[in-house]
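Below: one structure, written as structure tokens.
The values are calculated or read from the model by the stated rules, or taken from the named source; none is laboratory data. Remember, it's a predicted structure, so these values are computed and weren't measured experimentally. Because the Cβ atoms are built from the backbone with ideal geometry, glycine has one as well, and the counts that use them run over all protein chains shown. Quick note on the areas: whole protein, heavy atoms, side chains included, nothing else; ligands and nucleic acids left out. Shrake-Rupley method; radii C 1.70, N 1.55, O 1.52, S 1.80 Å.
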Amino acid sequence: MKKLALGPWNSDDFAATVNSNTGAGADAGLPPEIRFLAAVSKLVRLRQSGPNAAGDLALPAVFLLHTSSPETMPSAKREPMLNNGLTMLNGRLWFVNAPVVMGHYIETEQTDDDSLFNMVEQLGFSSVPAIIFDPRLATPEVRFYAAGLGDPEECKRYDLSGGNLTMEKIRDVISHIHAQRIATPEVQSKPGKMWEDSDKYWVIKDAEDRIQMYLVTGLTAAFPTTTVRMEQTQVTGRLDIEIEEPDPIDRSKFTRHAILELKVLRSFGSTGNAVSAAETEEWIKSGVEQAAAYRMERKALASALCCFDMRQTDTGEACFTTVSECAKELCVSLWRWFIYSKSKILRSAITSA
Amino acid sequence: MSKWVSEDDELIAVQQQVRILLIVDAAARAGLGPLPVGQLHLLAYFSNVLSPVWKLPPLDGKILKRLGGPFYPALQKQVDLLVGAGVLFIQGVDHAKDEEGKWRLVGSFSTNPVFADRILAAVSSIRDMYSVRVFVQELAYAFASLDPAKIFSTADQDAAYSDPVVEAGNVVDFGEWRDINYSSRSADYLASFMASGDWTLPGEKIHMYVRHMHQRLRGVR
């Protein structure tokens with residue numbers, strides 16, 4: 001990037017700032033609970049990989065998504081730069097904000113799990129989203145209680161080992177997101193509606209944006225030790241998602257696991273303009289080329305073209321026939337999900353299958 | 001970048017009130033609440049000067065440089081109106097003499113959820129405004145990582161506000177008549193040092209910009 005005049009900052013050492021600070025903010029706009037999960041996972045991993053972890057207490061660390069320490073606990077200590085990994089986490093009850101850049105803590109001094117849960121309940125935080133990291137386990141993991149520690153059955157476990165992300169896992173997660181959030185108008189959220197007019201198969205103008213938001217949120221929730229980046233490079237609807245995993249020790253290094261090129265296939269645009277088969281074919285071909293080009297440019301391990309098919313008729317994988325050889329040569333996976341205009345069409349498809 | 005800011009006084013007043021609510025709400029979520037009046041004006045300033053990073057227009061592209069840090073009299077008038085209307089709560093009310101010898105009421109603000117939540121929900125349903133809300137929230141998160149005692153000093157380190165060419169009592173123009181905004185430029189330039197390069201997201205730039213001000217506050221440049 002060409003350096004322009006920066007006024008009083010002209011001669012500043014920006015590299016030093018970047019090298020000495022952990023990045024935050026890539027997940028701006030995601031739901032607070034998802035950011036909380038991703039940030040705590042990265043923080044625990046950072047701390048566990050650092051030189052001071054060996055001296056940490058062998059007691060669980062509890063994180064609550066609650067921004068201020070209760071006034072009843074004046075002893076709570078503030079850690080304004082919590083995400084730098086220099087502070088011991090274990091044996092403490094943390095009150096943090098969503099990106100976990102700041103937190104307050106009190107010592108728990110609880111040696112058994114039941115006492116820990118009771119302590120949180122007695123303080124009145126049993127319904128606040130919570131995460132527990134237990135350093136006594138051989139494989140590092142966090143337990144996420146989205147509904148709080150008052151509902152211990154609602155717990156999801158996340159492995160913090162890292163480095164085991166495969167394209168199959170990514171595809172499985174997208175399939176899950178598709179089924180839960182995208183497949184039919186009924187499962188789509190109000191701000192995430194995909195159809196301008198489902199009776200006429202008119203696709204909403206910014207369908208790619210909406211798909212991207214669903215995927216970034218779902219992938220971040222599924223792989224909390226990664227950073228899921230999105231980029232919109234053109235107004236023509238080309239969108240990319242990059243899944244990278246920061247090195248917990250050297251923050252200047254990371255593994256770029258995958259580049260996902262998103263395409264929405266349409267029969268009609270948002271105002272009813274028809275999209276021809278030839279245009280769709282060209283659209284898919286350009287997607288394959290872009291996925292390969294970005295993988296090479298970004299030195300990612302793998303890439304995939306993710307097509308969300310909103311056409312009138314579900315023709316299965318036939319849309320990839322003309323590009324399958326090319327995709328194979330360029331090492332681009334071809335993935336497709338159909339988006340139904342009505343639930344009853346999905347039910348018919350399931351019945352006939 | 002579309003400029004939706006109208007010159008119409010009433011519209012500007014509404015925009016200022018919405019910005020105040022967004023800031024006070026964001027500060028509470030970040031752990032900065034109740035928000036002292038000085039920090040409210042400081043965040044208002046940064047929500048203007050760093051708005052190009054988020055591809056948003058500033059609500060106000062200029063500010064009178066003061067020894068005591070950013071302060072918008074017109075915005076304060078709207079803060080007072082919101083307190084009077086019961087949309088904002090104020091606590092710790094006191095009076096203090098500023099660096100220019102003028103007496104001013106001080107206090108810390110929080111939103112009254114009975115009114116503010118409905119206003120914020122309505123505001124967030126407008127796509128452009130939702131984007132502003134996400135931006136202001138990220139700004140508040142970034143500032144929450146600073147020592148509270150030093151937050152107010154950040155203006156002294158900001159690339160635009162601390163420009164020695166502009167002396168106190170003169171206008172810092174970063175988007176009214178002038179196209180040069182040292183702050184947003186620096187935030188974009190910082191991204192070129194980050195491993196994510198061209199893929200660096202606006203939220204990351206905001207956080208790193210605030211971290212750089214922190215470095216400068218520590219005397220490291």
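Which members of region A:245-279 meet the condition of being open to solvent by 10 Å² or more (accessible area, probe 1.4 Å), in contact with a strand residue (DSSP E or B) (Cβ under 6 Å, 6 or more places away or on another chain) and either closer than 25 Å to A:Tyr294 by Cβ or assigned to a loop (DSSP other than H, G, I, E, B) (or both)? Selection gives A:Glu245, A:Pro246, A:Asp247, A:Phe254, A:Thr255, A:Arg256, A:His257, A:Arg266, A:Ser270, A:Gly272, A:Val275. Scanning region A:314-353 for residues that are in a helix (DSSP H, G or I) and in contact with a Phe, Trp or Tyr (Cβ under 8 Å, 6 or more places away or on another chain) yields a count of 3.
Of the listed requirements (1) at pLDDT below 95; (2) touching a Lys or Arg at 6+ places or on another chain (Cβ under 7 Å), A:Trp335 misses just one: (1). So how many residues does region B:47-76 have that are in a helix (DSSP H, G or I) and touching a residue at least 40 places away in the same chain (Cβ under 8 Å)? Here the count works out to 9.
For region A:166-174, state whether one or more residues are modelled with pLDDT of 90 or more, away from chain B (no Cβ under 14 Å) and in a loop (DSSP other than H, G, I, E, B). For region A:166-174, residues modelled with pLDDT of 90 or more, away from chain B (no Cβ under 14 Å) and in a loop (DSSP other than H, G, I, E, B): present. Within region A:219-235, the presence of at least one residue that is at pLDDT below 90 and in contact with a Leu (Cβ under 6 Å, 6 or more places away or on another chain) is confirmed. When A:Ile132, A:Ile170, A:Ile182 are checked against the criterion of being open to solvent by less than 20 Å² (accessible area, probe 1.4 Å) and under 14 Å from A:Phe223 (Cα atoms), a single residue qualifies: A:Ile170. When A:Thr217 is tested against (1) open to solvent by 10 Å² or more (accessible area, probe 1.4 Å); (2) part of a strand (DSSP E or B); (3) of a type in the set (Val, Ile, Thr); (4) closer than 23 Å to A:Gly29 by Cα, only condition (2) is not met.
Residues that are buried (at least 21 other Cβ atoms within 10 Å of the Cβ), at pLDDT 95 or above and small (Gly, Ala, Ser) do not occur anywhere in region A:75-85. Those strands (runs of 3 or more DSSP E) of region A:1-109 in which at least 2 residues are away from chain B (no Cβ under 14 Å) and free of Cβ contacts under 8 Å to residues at least 40 places away in the same chain, considering only elements entirely within it, cover A:92-96, A:103-107. Filter region B:198-219 down to residues that are more than 7 Å from chain A (Cβ to nearest Cβ) and without any contact (Cβ under 8 Å) to a residue 40 or more places away in the chain and give me whichever is least open to solvent (accessible area, probe 1.4 Å). If we take residues in region B:198-219 being more than 7 Å from chain A (Cβ to nearest Cβ) and without any contact (Cβ under 8 Å) to a residue 40 or more places away in the chain, then B:Thr200 is least open to solvent (accessible area, probe 1.4 Å). Restricting attention to region B:151-168 and to residues that are more than 8 Å from chain A (Cβ to nearest Cβ) and open to solvent by 30 Å² or more (accessible area, probe 1.4 Å), the residue that is farthest from the chain's Cα centre (by Cα) turns out to be B:Glu167. Scanning region A:110-160 for residues that are touching a helix residue (DSSP H, G or I) at 6+ places or on another chain (Cβ under 9 Å) and of a type in the set (Gly, Ala, Ser) turns up A:Ser126, A:Ala130, A:Ala146, A:Gly148, A:Gly150.
Scanning region B:181-195 for residues that are at the interface with another protein chain (Cβ under 7 Å from one of its Cβ atoms) and either small (Gly, Ala, Ser) or open to solvent by 10 Å² or more (accessible area, probe 1.4 Å) (or both) returns B:Tyr182, B:Arg185, B:Ser186, B:Tyr189, B:Ser192, B:Phe193, B:Met194, B:Ala195. Within region B:15-59, being charged (D, E, K, R) and under 13 Å from B:Phe143 (Cβ atoms) holds for one residue alone: B:Arg29. Being part of a helix (DSSP H, G or I) and more than 18 Å from the chain's Cα centre (by Cα) is a property that does not hold for A:Pro185. Among the residues of region B:119-139, those identified as more than 9 Å from chain A (Cβ to nearest Cβ) and open to solvent by less than 30 Å² (accessible area, probe 1.4 Å) are B:Leu120, B:Val123, B:Ser124, B:Val132, B:Val136, B:Leu139.
For B:Asp173, the criteria (1) within 7 Å of chain A (Cβ to nearest Cβ); (2) in contact with a strand residue (DSSP E or B) (Cβ under 7 Å, 6 or more places away or on another chain) hold in every case but one, which is (1). Note on region A:114-130: residues that are over 28 Å from the mean Cα position of the chain (by Cα) and assigned to a loop (DSSP other than H, G, I, E, B) total 2.
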